[in-house]
Amino acid sequence: MIRRTGLRAALALSLALGPALPAGSEGRVLTPGQMRNLAAVALDARDPGTAMTLTSALLERDPEDVQALLIRSRAARDAGDYRLAEKTARQAWSLSQDDRTRHAASLAMAQALSSQGQRTRAQLWLRRAAQVAPSPAARAAAVRDFRYVRSRNRWSTQLQFNVAPKSNINNGSARSTFTEILFGREYELPLPGAAQALAGTELSVGVATRYRAAETTRRATDLTFSAGYTTYALTEGAKTLAPGAKGSDYALGTLTTGIAQKWLSKDGRTEYTLDGSVGRSWYSGDPYGNHVEAEAGVNRALDRKTRLSFTAKAEITRGPNAPHSDAVTLSAQLGRALEGGGQVSLWVSATESRSDVNVARFTNYAAGIQYAPDMKVLGASPRFGLGLRKRDYPVSSFAPGHRNDVEQSAWIDLTFREIDYFGFHPTVRVQASRSNSNINLFDIDRSGISFGIGSSY
């Protein structure tokens with residue numbers, strides 16, 4: 001308090017007397033620039049009151065003095081008047097004529113909002129600050145501030161949007177005929193068009209949000225919610241093949257809510273998770289199924305570059321149209337950062353699904369590898385993947401005996417981080433898969449390209 005009072009007195013004295021004046025001068029008036037400098041000195045000395053007094057005088061002279069508004073916003077924030085801090089920062093933004101002042105105004109808005117506990121809005125303004133940053137260093141500082149505010153925000157929301165032309169939107173057969181055994185003899189019969197692969201464009205949107213209900217240094221409890229909707233637009237060829245089909249016939253909507261618990265070990269190298277959720281789905285606009293899931297996992301840092309995780313999940317599916325089933329999945333994943341840059345990950349999983357419905361009673365085994373080299377492809381950061389899946393059905397409704405499907409898949413993800421707008425960048429996935437079955441009706445080919453948006457930080 002002595003320091004602030006002394007500064008106020010010194011500033012008041014300098015304003016009243018000023019330095020020694022030349023002979024014949026009757027007085028001296030501080031220029032607006034000098035007043036701004038004195039207000040900035042007051043802020044650095046943690047004296048917001050003096051800064052408020054000086055900026056009031058500046059704004060009486062010129063209500064559109066952007067620098068005075070910026071200084072006043074910070075002074076109001078330091079004084080605990082967050083509404084005034086927000087108001088003056090917004091005024092400064094609306095009056096800004098260049099990226100430097102827009103950047104400063106965006107930071108002032110973010111600080112005012114974060115101080116009020118409105119961290120989600122503060123994150124939006126920090127994205128804006130990064131977008132208009134006048135230099136790489138200023139952008140990096142805004143990104144650091146964004147990550148800090150996000151780490152303290154109880155709310156975290158992710159939006160998803162994809163457009164994906166695909167060769168098989170209905171999981172249809174790659175064949176135009178199928179084999180039927182009648183009276184002990186095999187017959188090759190034509191397959192209806194709606195059961196064959198139909199090409200089209202997938203349109204999907206989604207939102208996932210979580211609220212951190214409780215948190216300590218080693219433990220966190222989250223409440224989660226997600227919603228998604230996917231629909232399709234058929235190609236002209238698909239409409240010709242299946243005249244009665246519409247893209248909305250294959251539309252899928254989902255709603256899920258749950259609770260998630262996380263723990264860290266004392267050494268900080270192991271994370272334990274326990275999640276539970278309930279959800280509902282709609283297919284073609286009609287209620288399809290309800291599900292309950294429980295999942296437990298452990299993720300361990302073996303060293304600075306290697307992580308190993310295990311997950312166990314149980315899922316119960318019921319509902320008006322979905323096959324009733326109880327499924328258990330065990331999975332493991334190993335990820336490693338490579339010496340020369342890049343990352344590689346391997347995973348395996350096994351699922352057993354029990355049901356009175358043949359199509360939902362199966363065992364499933366899957367494995368995959370993903371490699372993200374430290375390189376550029378078409379100006380993007382690539383990630384390559386290969387997958388293999390084997391699914392066995394003990395009974396088939398379409399032929400005597402069991403059904404066995406083997407699927408091979410490959411994909412490449414491209415992340416265009418250099419094309420950045422407000423901290424978001426375009427993403428592209430090119431993928432293809434082929435499934436071969438001992439029942440040729442289930443020979444299925446898929447290919448497609450998906451365009452989406454990802455967050456840069």
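The values are calculated or read from the model by the stated rules, or taken from the named source; none is laboratory data. This one's a predicted model, so the numbers in the text were calculated from it and none came from an experiment. Here the Cβ positions follow ideal geometry from the backbone for every residue, glycine too, while neighbour counts run over all protein chains shown.
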Exercise. Given (1) surrounded by fewer than 21 Cβ atoms within 10 Å (Cβ to Cβ); (2) closer than 23 Å to residue 99 by Cα; (3) not β-branched (Val, Ile, Thr), where does residue 175 come up short, assuming only one miss?
Worked result: (2)
Problem set entry | Considering residues of the stretch 221-234 that are touching a helix residue (DSSP H, G or I) at 6+ places or on another chain (Cβ under 9 Å) and among the hydroxyl-bearing types (Ser, Thr, Tyr) only, the residue surrounded by the fewest Cβ atoms within 10 Å (Cβ to Cβ) | 230
For this session: Tell me, yes or no, whether the stretch 364-378 has at least one residue that is of a type in the set (Phe, Trp, Tyr), within 28 Å of residue 289 (Cα to Cα) and in contact (Cβ under 8 Å) with a residue 24 or more places away in the chain.
Result: yes
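Residue by residue, here is whether (1) exposed (fewer than 15 other Cβ atoms within 10 Å of the Cβ); (2) under 16 Å from residue 161 (Cβ atoms) holds:
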{"position": "396", "(1), (2)": "no, no"}
{"position": "405", "(1), (2)": "no, no"}
{"position": "414", "(1), (2)": "no, no"}
{"position": "421", "(1), (2)": "yes, yes"}
{"position": "425", "(1), (2)": "no, yes"}
{"position": "437", "(1), (2)": "no, no"}
{"position": "440", "(1), (2)": "no, no"}
{"position": "445", "(1), (2)": "no, no"}
{"position": "453", "(1), (2)": "yes, yes"}
Exercise. Within the stretch 197-206, is even one residue more than 20 Å from residue 425 (Cβ to Cβ) and either outside the structural domain of residue 222 (by TED's automatic domain parsing) or among the basic types (Lys, Arg) (or both)?
Worked result: no
Exercise. So which residues in the stretch 441-457 are within 17 Å of residue 198 (Cα to Cα) and either not assigned by TED's automatic domain parsing to the domain that holds residue 203 or not in a strand (DSSP E or B) (or both), if there are any at all?
Worked result: 441, 442, 443
Exercise. So residue 160 fits all but one of (1) in the same structural domain as residue 286 (by TED's automatic domain parsing); (2) surrounded by fewer than 14 Cβ atoms within 10 Å (Cβ to Cβ); what number is the exception?
Worked result: (2)
Exercise. Considering only residues of the stretch 327-341 that are at pLDDT 95 or above and among the small types (Gly, Ala, Ser), which is surrounded by the fewest Cβ atoms within 10 Å (Cβ to Cβ)?
Worked result: 332
Seminar exercise, completed: Checked the stretch 231-253 for anything among the hydroxyl-bearing types (Ser, Thr, Tyr) and out of contact with any Lys or Arg (no Cβ under 9 Å at 6 or more places or on another chain); matches are 231, 235, 240, 248, 250
Exercise. If you check 181, 169, which single one turns out to be modelled with pLDDT under 95, among the β-branched types (Val, Ile, Thr) and assigned by TED's automatic domain parsing to the domain that holds residue 227?
Worked result: 181
Exercise. So which residues in the stretch 293-326 are surrounded by 14 or more Cβ atoms within 10 Å (Cβ to Cβ) and more than 24 Å from residue 260 (Cα to Cα)?
Worked result: 319, 322, 323, 324
For this session: Identify all residues within the stretch 378-406 that are in a strand (DSSP E or B) and over 23 Å from the mean Cα position of the chain (by Cα); write none if there are none.
Result: 386, 387, 388, 389, 390, 391, 392, 393, 403, 404, 405, 406
For this session: Considering each of 141, 108, 112, 122 in turn, give the residue that is more than 15 Å from residue 424 (Cβ to Cβ) and surrounded by fewer than 23 Cβ atoms within 10 Å (Cβ to Cβ).
Result: 141
